[in-house]
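Report on one structure; see the data block that follows.
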Amino acid sequence: MSQPLSGSQTVGPYFSIGLSPLCSEEVASGSQGEAIMVEGHLLDGDGLPVPDGFLEIWQADASGRYISEQPASSVAEAVGYGRIRTCPDGSFRFKTIKPGAVPYDADRMQAPHLVVLVFMRGLLRNLVTRLYFPDENANLTDPVLQLVPAERRSTLIAQPGSKPDTLHWDIVMRQQKENTKPETVFFAW
Amino acid sequence: MLDIETRSPHIRPQDPPGSQPDYFYPPYASSLLRAPSKPLIYLPHTISERTGPVFGHGLLQPNDNDLTAQHAGQPLGERMLVHGRVLDEDGRPVRSALVEVWQANAAGRYLHKVDQHDAPLDPNFSGAGRVITDEQGRFQFRTIKPGAYPWGNHYNAWRPQHIHFSLFGAGILSRLVTQMYFPGDPLHALDPIFNSITDPNARERLIARFDIEKTEPAFALAYEFNIVLRGTNDTPFEEGKR
C-alpha cells in the first residue's frame, strides 16, 4: 500500500545540538586510495557565506564500491559517508579519497563523483548535488552530467586547489545577479 | 519527457501538490537567499543514490534514548515518551534506521550559543537524542515537552512546540529532516515553517498523536509520531518511463 511521504522541514539554526556527533572531516578514514582534501565555501544569493549549514557526502571507495552493507559502529567506520559543518566564515573542508567509477546501468559507467546533500537554516528541504573531479576524461561521457545543460556543468566539477592534493569547490545556493558566481546545479529526486 | 519548467521542481508526479515545501517560500524570510533560482534537474537513481550509510548500535551512548537522564538531576518540564515507526512508502518497516532528535528545553531555550532568547537554560537538559529503529521500524525515546520560543522572522513570531527529527533510510536519497509538532497548538496556523507544506493533510502528518495507551501512569505522557521515507526501488524518472 502506498503511503504518502512525510514532509520535510528545515534543520533550523540549532541542528548542531543533535547532529554534531556524526560530524567529521574524515569521509574515508582508513580507506586506500588517492587522498584528497576538498575545500570551498557555501554561499547564499548575495554571495555571502552561510555559517550555519552542513554537507553530507556519500561516495564509493577507490575500487568503485559503496560500503553500505556492513553497519558502522562509529563515525570512523562509516567509510564513504561524511557530515561536515560550515565554519563561521562559510568555509568547509573534508578529507577523503578519490572514488572509483561506478556503474550507471548495465552498459555505461559513471565518472568518479561524490553525492553531496546540503542542509541549512532557510532551506526547507535538503538539496542534492554532485562533485566531479577535474581533468577526468570520463566526465565527457558521464550519463548524469549529460543531463545538465553544458553551460552549467562546470558548477559540478571541482577545480585544482592551492596544493597538489587539494580541490576547490564552492556551492552557490542562488544566483541573484548576472556576472556573479553561477548557481550550483541541484538535482530533483 | 516531463516539462521541468512548468512543474513544481521537486514533487514527483505521484506526490500530492504541496506535500513538500517549496524551496523559495517568502513567508519564511531565510529561504529568500538560500533557495535555488534555477530549475532542479532530474537525477536518475543510480547505485550512488540507492545506497547509503548504515549505522550500528555501537554508535549510541548510554541514555541517548532518554533525554531526561543525561544529567545528574531531572530536567524541568512535562515528561513524555515519543514513539513511532519509520516506514517506507510501500508500508515496509525501515529497519536499523538512525533517528537523531534535538529540541528546546521546557522554557523554549536551546542549548546553543546562537540562541539568545531570554529564557532559562536547564542544567539538566541538553536536548539531543539518538535511537536506531528495530526490526519493525519502531523507535522510542523519553524526553520533556519543548517550549514555544520567539524568533525574528516577523513581528511577534513564535515557533510552535516541536522536536527536530533527522532520519536515514535505505538509500542516501531517503534522507529526511523534519519536525514533529503537538496536537492543538494555536501557533500552527501562524508558523511559516509548518505552513510551507501547503497540503493540509501533509501538515497533519507532522503532528504527533497523543497516545494514552503508551503513557506511563503517574510518570509520563506519550505521543506517537510515524514517519514515511522514500524507498530505494523508486524510479519515477527512469529512462523510458518519463
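Test B:Ser37 against the criterion of being buried (at least 19 other Cβ atoms within 10 Å of the Cβ) and either touching a Gly at 6+ places or on another chain (Cβ under 6 Å) or over 26 Å from A:Ser20 (Cβ atoms) (or both), and give yes or no. No; evaluated as a whole, the condition is false for this residue. In region B:110-138, of all residues being within 13 Å of chain A (Cβ to nearest Cβ) and outside any loop (DSSP other than H, G, I, E, B), the one that is farthest from B:Lys214 (Cα to Cα) corresponds to B:Ala128. Here the condition is being touching a His at 6+ places or on another chain (Cβ under 9 Å), within 14 Å of another protein chain (Cβ to nearest Cβ) and not in a loop (DSSP other than H, G, I, E, B); of A:Arg125, A:Arg153, A:Arg83, A:Arg130, it holds for A:Arg130 alone. No other residue among B:Ser48, B:Ser30 is crowded, with 20+ Cβ neighbours inside 10 Å, closer than 30 Å to A:Gln70 by Cβ, within 8 Å of chain A (Cβ to nearest Cβ) and modelled with pLDDT of 95 or more apart from B:Ser48. For the condition among the β-branched types (Val, Ile, Thr) and at pLDDT 95 or above, B:Val114 does not qualify.
Among the residues of region B:134-144, is any at pLDDT below 95, within 28 Å of B:Leu60 (Cα to Cα), surrounded by 15 or more Cβ atoms within 10 Å (Cβ to Cβ) and out of contact with any Cys (no Cβ under 7 Å at 6 or more places or on another chain)? Among the residues of region B:134-144, not one is at pLDDT below 95, within 28 Å of B:Leu60 (Cα to Cα), surrounded by 15 or more Cβ atoms within 10 Å (Cβ to Cβ) and out of contact with any Cys (no Cβ under 7 Å at 6 or more places or on another chain), which makes the answer no. Report whether or not B:Ala107 is touching a Gly at 6+ places or on another chain (Cβ under 9 Å) and within 10 Å of chain A (Cβ to nearest Cβ). So B:Ala107 does not fit the description; no. Within region A:18-32, the set of residues being farther than 18 Å from A:Trp169 by Cβ and either touching a helix residue (DSSP H, G or I) at 6+ places or on another chain (Cβ under 9 Å) or not polar (S, T, N, Q) (or both) comprises A:Gly18, A:Leu19, A:Pro21, A:Leu22, A:Cys23, A:Gly30.
Each row is one residue, and each column tells you yes or no for (1) without any contact (Cβ under 8 Å) to a residue 12 or more places away in the chain; (2) under 16 Å from A:Val118 (Cα atoms); (3) surrounded by fewer than 19 Cβ atoms within 10 Å (Cβ to Cβ); (4) not basic (Lys, Arg).
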{"site": "A:Val27", "(1), (2), (3), (4)": "no, yes, no, yes"}
{"site": "A:Ile57", "(1), (2), (3), (4)": "no, yes, no, yes"}
{"site": "A:Tyr66", "(1), (2), (3), (4)": "no, no, no, yes"}
{"site": "A:Ser73", "(1), (2), (3), (4)": "yes, no, yes, yes"}
{"site": "A:Ile84", "(1), (2), (3), (4)": "no, yes, no, yes"}
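Whenever a residue of region B:33-48 is more than 13 Å from A:Thr129 (Cα to Cα) and assigned to a loop (DSSP other than H, G, I, E, B), its partners that are among the basic types (Lys, Arg) and at pLDDT 95 or above, lying with C-beta atoms within less than 8 angstrom and at least six residues away or across chains, give the pairs B:Leu33/A:Arg174; B:Arg34/A:Arg121; B:Arg34/A:Arg174; B:Ala35/A:Arg174; B:Ser37/A:Arg174; B:Lys38/A:Arg152. Search region B:94-104 for residues being in a loop (DSSP other than H, G, I, E, B) and facing another protein chain (nearest Cβ under 10 Å), and hand back the single one that is modelled with the lowest pLDDT. Restricting to residues being in a loop (DSSP other than H, G, I, E, B) and facing another protein chain (nearest Cβ under 10 Å), the top hit is B:Ser96.
Only a single criterion out of (1) farther than 21 Å from A:Ala35 by Cβ; (2) within 14 Å of chain B (Cβ to nearest Cβ); (3) out of contact with any helix residue (DSSP H, G or I) (no Cβ under 6 Å at 6 or more places or on another chain) is not satisfied by A:Asp170, namely (2). Within region B:107-162, the set of residues being among the basic types (Lys, Arg) and touching a residue at least 60 places away in the same chain (Cβ under 8 Å) comprises B:Arg130, B:Arg142, B:Lys145.
The values are calculated or read from the model by the stated rules, or taken from the named source; none is laboratory data. Predicted model only: the values in this text are computed from it and were never measured. Glycine gets a Cβ as well: all are built from the backbone with ideal geometry, and neighbour counts include every protein chain shown.
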